[in-house]
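The values are calculated or read from the model by the stated rules, or taken from the named source; none is laboratory data. Remember, it's a predicted structure, so these values are computed and weren't measured experimentally. For neighbour counting, all protein chains shown are included, and Cβ atoms are generated from backbone atoms with ideal geometry for every residue, glycine included.
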Amino acid sequence: MHNRVLLRTPTPYEDESLAGYLIRLNESNYYSSPKWILQLAGLHINCRIPLTNSLYEPSTLSQVIQVSDEQLKVMASLPNQLVGDVNSQQYAIYKYAKKLCPHCLTESAYCRKIWDWDLVTACYIHQCVLMKQCSSCQKNIQWSRPAVTRCRCGFDFRTGLAQTATFHQVNLSAYLSSLEKSLATVQISRD
């Protein structure tokens, strides 16, 4: 077993993204950036994170954050699975281009994995466009931030104003969300 583990490891939400969970772990363990968690696992930002080392040994990341490799795969569910298992053993965390719904964060402070999908531009629940920029500093929302709900500048995303989404944005996001849930169910049953 890996000797570097986090003291606090809250249970992941069913629809939580892996990148978002790392932000929440960062916040729970009082780190200044989720990069520290990746470093504990010997990984780096802007690279592909291997989700398993082998069939017999848990990945370093799963050992550090105390989540099974099977759960990591579900949290890393991305649309590339629609075209087969291309790179399904890897997950990319990118520094920029994060999106979020301020209303969802107000209801429950965690990042939904559907927000990681490029085609998803709206929250179908609140019928608003997902925020890509901080309302205060006007910079792109970054993955490496101090908390799920806060920008590096200190702005609380839950107070941000989101634009109303179009009918087509809402319908596409609702469809992709149902597809993502189906993918997660299939993946759980396969493992």
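Structure above, values below:
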| quantity | calculated |
| --- | --- |
| Of the criteria (1) buried (at least 20 other Cβ atoms within 10 Å of the Cβ); (2) at pLDDT 95 or above; (3) in contact with a Ser or Thr (Cβ under 7 Å, 6 or more places away or on another chain); (4) of a type in the set (Val, Ile, Thr), which one VAL170 fails | (3) |
| GLN138 being outside the structural domain of SER32 (by TED's automatic domain parsing) and outside any loop (DSSP other than H, G, I, E, B) | no |
| The stretch 131-175, subset within 16 Å of the chain's Cα centre (by Cα) and among the aliphatic types (A, V, I, L, M), residue farthest from TRP115 (Cα to Cα) | ALA147 |
| All helices (runs of 4 or more DSSP H) inside the stretch 7-109 with 3 or more residues being modelled with pLDDT of 80 or more and more than 14 Å from the chain's Cα centre (by Cα) | 35-40, 60-65, 102-107 |
